[in-house]
Amino acid sequence: MAIVKMNKLSVIGLETEKAGLLNRLMDLGVVELNDQSEKLLDSEWSSIVTRDGDEDQISELDSRLTKVETALEAIARYDTAKKPLFRTRKTMSQSAYDEVLKNGASIRHEIQDVLALYDRWSESKSKENTIVSMQASLQPWIAYELPLDMTGTRSVRVLTGIVPAVADVESMKQQVSTASPDTVVTVIGQDAEQQYLSVICMRAEEEAVLDALKSFGFTFALFKDLTGTVKENVTRLNEELAETKKEQEELEQKMASFAAKKEEIQYYYDSLLMERDEAKAAENLLKTKKAFYFDGWVPQRACDQVKKVLEDAGCSYEITEPEKGEETPVLLDNKGLVVPFEAITSMYALPKSYEVDPTPIFAIFYFIFYGMMFADMGYGLILAAACFLLLKKFPLENTGYRLVKCLGFCGISTFIWGALFGGFLGDIITVVADTFFGATIEITPLWFNPLSDPMKLLIFSCVLGTVHLFIGMGVKAYMYLKDGKIAEAIIEVLAWYLFLIGLALLLFGGSLFDGASGIGKWLAIVGAVVIVGGPLLRGKGVGKLLGLWDLYGTTSYLADILSYSRLLALGLASAVIAQVFNALGSLFGGGIVGAILFIIIAIFGHALNFALNALGSYVHASRLQYVEFFGKFYEGGGDAFQPFEKKTKYVKLVKEEK
């Protein structure tokens, strides 16, 4: 169901045809190339073939890609043009793309110019950091008036240094004075960590003075290569900093001027990316002196296209179906309204190739669950409009496109359930009519108001959840029957159907019709007998007792069904929070002031409620699929089909009709 069937492909061709074949296969984009490492471990293979590919070429292309990316980042940093909310690829025909790249030499020259500017900017930025660091180191010495290069005279020594902030300077001065009465110790500055000192002493007494200073943690402060006073140096550094910043601004303007060339540089980046990918793909080939070999996977529906390409290249090939039980790459193939919900599946895990794709099955339930939990016409309109406008304005692709469209559909569901439950931004219409116009207007729900009858919604949620779980169990039975495991389908699914339905009729059937409880009793008995008896008949040793343990699984089913009560909980939470903010806004009464405050509170409150419950509904609707539904039949963990194709970052190449 909705998983594309894959065929195995093995190809042998002449070395002279390899480059052309790889290029055509890349254009086709339907063949996944297998890694050949395992074959090279086989002595029979390794004796006649070697791995293809050129590591030096790949490394060189990676280096060029890095440089182009650096140039693009430099341009983007100073490009003043408005940035789009989402980065999307520009659609271009192959011929138009090739036309742009005819100027390859000019584009490469532009890239080199940008990189040269960026290198100069980086050097200037490094210089700025050095200047700022020097300014910071000189700031505590701003009151020091002697030249920094002055260390003294023939008989006098001038010392500069620091001691910890906790050092007792007065005690230090006394000890220094005892050692050398003529020595002058001056505190130039102080911060949270250190005290900055100037010491002038006789050279003959320098050693005694240093001994006294070091007992207080004194260390020298060195002003390497600096001359003149601190103030003169700070003035000079300020001038250098201003010049450096001016230089940076000029360089930034020059880099920004390349914004007009950004697109063609992006196209050049993509051309390098495709060239690199083609070179890397060659690593999945084995070769001799004159021939090459590769194998991989191709979708059944694309086999004819691949055959034609291979025959045109004069290759010998074999296309076969996979062996029974052999895992193949997974490519989902859903149609129409189901496709957006593939985003939910892929966020969990792709199915194994032999499994059922759950997307078409759970899509309708996800649609229903999300709407029930959010359930408000106003919020639904906002969500749907935002998502579909986003898709119209931005050509999103792949998972991003699917997820946004999925949420758009969920917005429609939210509106529908809001109409059924009678909610539009909570009860905002009723509150506004009563507060500002003295009128009574109420939205009548098409079905019922959950706030007035929560038990009705709880029962409906559990019934809906039971249907959801039963369908999951049905898929499990289908998979068993497909594999010829009839006994497993009966014991693990049909028997549980009988037991659970019988249990429900036994407990609640009296309110449905006469005799329902009796029917339920016999259904439950038959189901229990099969659940317990199946392992007894088919198991061995301890395995015979598994039926009794399986019957205990009833509690697990009941817990799963109760999990669907979150449909009630989140639905009520969304409605109650909306009504609370409406009530808060109405506290200030009518009039202009009341209206302004009501609008402010309503916008803030409903925006917060929308964000919290839109996210909460998404998370919990997903959880009901991943835990309760998938847990009944789904293993997942399939490897996505990854064809050898033109993978680009900035441009989307479309095939031209011939």
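Do we find a residue being of a type outside the set (S, T, N, Q) and either touching a His at 6+ places or on another chain (Cβ under 8 Å) or under 29 Å from S617 (Cα atoms) (or both) anywhere in segment 487-496? If you could, list the steps in order and put the result at the bottom.
Here is the first cut: in segment 487-496, the ones of a type outside the set (S, T, N, Q) are 487-496.
With either touching a His at 6+ places or on another chain (Cβ under 8 Å) or under 29 Å from S617 (Cα atoms) (or both) added as a condition, the list becomes none.
No, there is no match, as no residue in segment 487-496 is of a type outside the set (S, T, N, Q) and either touching a His at 6+ places or on another chain (Cβ under 8 Å) or under 29 Å from S617 (Cα atoms) (or both).
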Quick check: anything in segment 1-9 charged (D, E, K, R), touching a residue at least 12 places away in the same chain (Cβ under 8 Å) and open to solvent by 20 Å² or more (accessible area, probe 1.4 Å)? yes
The residue from D182, D119 that alone is open to solvent by 40 Å² or more (accessible area, probe 1.4 Å) and in a helix (DSSP H, G or I) is D119
When L457 is run through (1) surrounded by fewer than 21 Cβ atoms within 10 Å (Cβ to Cβ); (2) touching a residue at least 24 places away in the same chain (Cβ under 8 Å); (3) not polar (S, T, N, Q), the failure sits at (1)
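What helices (runs of 4 or more DSSP H), lying completely within segment 405-519, carry at least 2 residues that are within 28 Å of K632 (Cα to Cα) and among the hydrophobic types (A, V, I, L, M, F, W, C)? Let's see the steps before the verdict.
Values: elements: 428-437, 454-482, 486-489, 495-508.
Ranges flagged: 454-482, 486-489, 495-508.
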Of all residues being outside any helix (DSSP H, G or I) and either touching a residue at least 40 places away in the same chain (Cβ under 8 Å) or of a type in the set (A, V, I, L, M) (or both) in segment 588-626, which is surrounded by the fewest Cβ atoms within 10 Å (Cβ to Cβ)? Just the residue, please. G589
Any idea how many residues of segment 19-59 are open to solvent by less than 30 Å² (accessible area, probe 1.4 Å) and part of a helix (DSSP H, G or I)? 5
Could you please give the count of residues in segment 317-348 that are under 23 Å from N284 (Cα atoms) and surrounded by 13 or more Cβ atoms within 10 Å (Cβ to Cβ)? 8
Considering only residues that are at pLDDT below 95 and part of a loop (DSSP other than H, G, I, E, B), look in segment 530-564 and name the one that is farthest from the chain's Cα centre (by Cα). K540
Note on Q175: of the conditions (1) open to solvent by 80 Å² or more (accessible area, probe 1.4 Å); (2) in contact with a Gly (Cβ under 8 Å, 6 or more places away or on another chain), unmet is (2)
From the option list T91, T80, single residue qualifying as part of a strand (DSSP E or B), open to solvent by 80 Å² or more (accessible area, probe 1.4 Å), over 27 Å from N284 (Cα atoms) and not hydrophobic (A, V, I, L, M, F, W, C) is T91
Which listed residue, of E206, E263, is in contact (Cβ under 8 Å) with a residue 40 or more places away in the chain and either more than 52 Å from the chain's Cα centre (by Cα) or buried (at least 17 other Cβ atoms within 10 Å of the Cβ) (or both): E206
Report every pair of residues separated by at least 6 positions or lying on different chains whose Cβ atoms are under 7 Å apart, first residue within segment 284-300 and within 23 Å of E321 (Cβ to Cβ), second of a type in the set (G, A, S) and in a strand (DSSP E or B). D295/S10
Selected residue (criterion: most open to solvent (accessible area, probe 1.4 Å)) from residues of segment 211-231 that are closer than 12 Å to Q175 by Cβ and in contact (Cβ under 8 Å) with a residue 24 or more places away in the chain: D211
Can you tell me which condition R154 does not meet? The list is (1) closer than 30 Å to E263 by Cα; (2) not in a helix (DSSP H, G or I), and all the others hold. (1)
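The values are calculated or read from the model by the stated rules, or taken from the named source; none is laboratory data. All values derive from a computational prediction rather than experimental measurement. Counting neighbours? That spans all protein chains shown, and the Cβs are built from the backbone with ideal geometry, glycine included. The protein model used for the area step is the full one, side chains on, heavy atoms only, and it has no ligands, DNA or RNA in it. Shrake-Rupley method; radii C 1.70, N 1.55, O 1.52, S 1.80 Å.
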